[in-house]
1. Give the carbon-plus-sulfur fraction of the accessible surface of the range 114-197 in %, rounded to a whole number; probe 1.4 Å, heavy atoms of protein chains only.
2. With every protein chain kept in place and ligands, DNA and RNA left out, what is the accessible area per residue of the range 25-105? Probe 1.4 Å, answer in Å².
3. Quick one: go through the range 72-96 and flag any residue whose amide nitrogen is under 15 Å from the point 7 Å out along the Cα-to-Cβ line of LYS25.
4. The range 77-119 to the range 29-55: how many Å between their Cα centroids?
5. Enumerate the residues in the range 62-98 having an amide nitrogen under 18 Å from the point lying 7 Å beyond the Cα of LYS46 toward its Cβ.
6. First select every other residue whose beta carbon is under 12 angstrom from the beta carbon of PRO136; then total the charges, Lys and Arg +1, Asp and Glu -1.
7. Once you order the gyration tensor axes a ≥ b ≥ c over the Cα atoms, which shape class does the range 114-197 get: rounded for a/c under 1.5, otherwise prolate or oblate by comparing a/b with b/c?
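The values are calculated or read from the model by the stated rules, or taken from the named source; none is laboratory data. Note that the structure is predicted; figures quoted are calculated from it, not measured. Note that we place each Cβ from the backbone using ideal geometry, even for glycine, and neighbour counts take in every protein chain shown. Remember, those area values only see protein heavy atoms, side chains included, never the ligands or the DNA or RNA. Shrake-Rupley method; radii C 1.70, N 1.55, O 1.52, S 1.80 Å.
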Amino acid sequence: MTEQQGTPDQLPAEKGQGGAGATYKLAVFEFENFRGKKVELSGECKDVLEKTPRVGSVIVESGPWVGFECLGFGGEQFVLEKGEYPRWSTWTSCQSSYTLSSFRPLKVESGDHKLHLFENAGFEGRKMEIVDDDVPSLWVHGFQDRVASAKAISGTWVGYTYPGYRGRQYVFEHGDFKHWNAWGATAPQIQSVRRVRDMQWHKRGSDQSPVSSSCSFLGEAS
């Protein structure tokens, strides 16, 4: 028997995000498999629990977005690209922390991606450059798991504490991150990184990297 959802609550944007002409739309549901109370978002929301007692599933119609464990964009981060998330295990691999309480759109201003990772805070120590590529393991490319600062030269990225895009997630939007606290981490540990995709630049279902993609260990930062 199909549950009647009725008219969804709609929360307008509190503040615009993204590049020029960007549109964002996300729907959260009270229960798994898109059942129960539905709330639609078109911009950042500091407290979705004002409208629904819990978030059991999510549909991203246009994005990408980042969801947060705590109110006011705090706690663990969960990147949500265009698609359906019928249960918590589709947005995280961590059973101890999967609550979604606040959301905001992610800025993706171009289809190009370049990221610099540094061993030490303040952009010091060993350096790794990643261009238009996803890296499931930094170790494979001669880097270590210690990443204490970073520069997102272009594009938006997400880093993970473990290889294979597992563990805690950390968002890197365009800008400089002189210390791991700047991306919300409590320790300088990242072992895999990937690009955050926007359907404005990447067609759904495309998993091919550009021919010019590269990943290189550059030694000591100058």
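1. 48 percent
2. 39 Å²
3. 82-84
4. The range 77-119 and the range 29-55 have Cα centres spaced 17 Å from each other.
5. 66-76
6. Every neighbour counted, the sum reads 0.
7. Since a/c stays below 1.5, the shape of the range 114-197 is classed as rounded.
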